[in-house]
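Read the structure below first, then the notes.
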Amino acid sequence: MEKRRGFGKHLIIDGYECNPEKLSDINHIYNFLEGITDEIEMTKLMPPYVQEISKNPKAYQGFIIIAESHVNIITCPKDRTVIVDVFSCKDFDDEKAINYTKDCFEIRRMEYKSFYRGVDFPKQP
C-alpha cells in the first residue's frame, strides 16, 4: 500500500459484462457496500442507502458514508454494468477493493483508475 498523498485517494471502477441478477438485487448492492468498507478497513458512519433510480431501464444507486469519506455505486442491469467510486482521505489497498467488486458482481471485463485528489492541498505546519 502506498503512503497517503494529497487530500485523499479516489478509485474509480467501471465493470462490464456483469451478472445482471446481482446488479438488480438491492440487498446484494447493500451487502456489497457493507462488505467493501470492511474489506478496505474503513469506518462506517451509517448503514448503506440503496434505491432504484430508474424504472425503464432499471438502474440502482447506493452509497455509504464513512469517516474517511464515501463509497458510491450505480448499477445498470440491462447494460450489465456497474460503476463504483471509492474516495478516502485514509489510504487503502486498491487491489482489495477491485477484487472485492469483481467477485461481488461477477465482472468479466473492467477498467479502473486510482489517483490522489488535492495533491497540492495545504498541509498544516
Selected residue (criterion: surrounded by the fewest Cβ atoms within 10 Å (Cβ to Cβ)) from residues of the stretch 64-119 that are of a type in the set (Gly, Ala, Ser) and at positive phi: GLY118
Selection within the stretch 74-125 - touching a strand residue (DSSP E or B) at 6+ places or on another chain (Cβ under 6 Å), in contact (Cβ under 8 Å) with a residue 60 or more places away in the chain and among the aliphatic types (A, V, I, L, M): VAL82, ILE83, VAL84, VAL86, ALA97, ILE98, ILE107, MET110
Residues satisfying the stated conditions in the stretch 2-35, i.e. within 16 Å of the chain's Cα centre (by Cα), charged (D, E, K, R) and either at pLDDT below 95 or over 20 Å from GLN51 (Cβ atoms) (or both): LYS9, ASP14
Candidates LYS55, LYS102, LYS113, LYS44, filtered to the one that is of a type in the set (Lys, Arg) and modelled with pLDDT under 95: LYS55
Those residues of the stretch 22-67 which are part of a helix (DSSP H, G or I), of a type in the set (Asp, Glu) and in contact (Cβ under 8 Å) with a residue 40 or more places away in the chain, in sequence order: GLU39
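The values are calculated or read from the model by the stated rules, or taken from the named source; none is laboratory data. All values derive from a computational prediction rather than experimental measurement. Quick reminder, even Gly has a Cβ in these numbers, built from the backbone with ideal geometry, and neighbours come from all protein chains shown.
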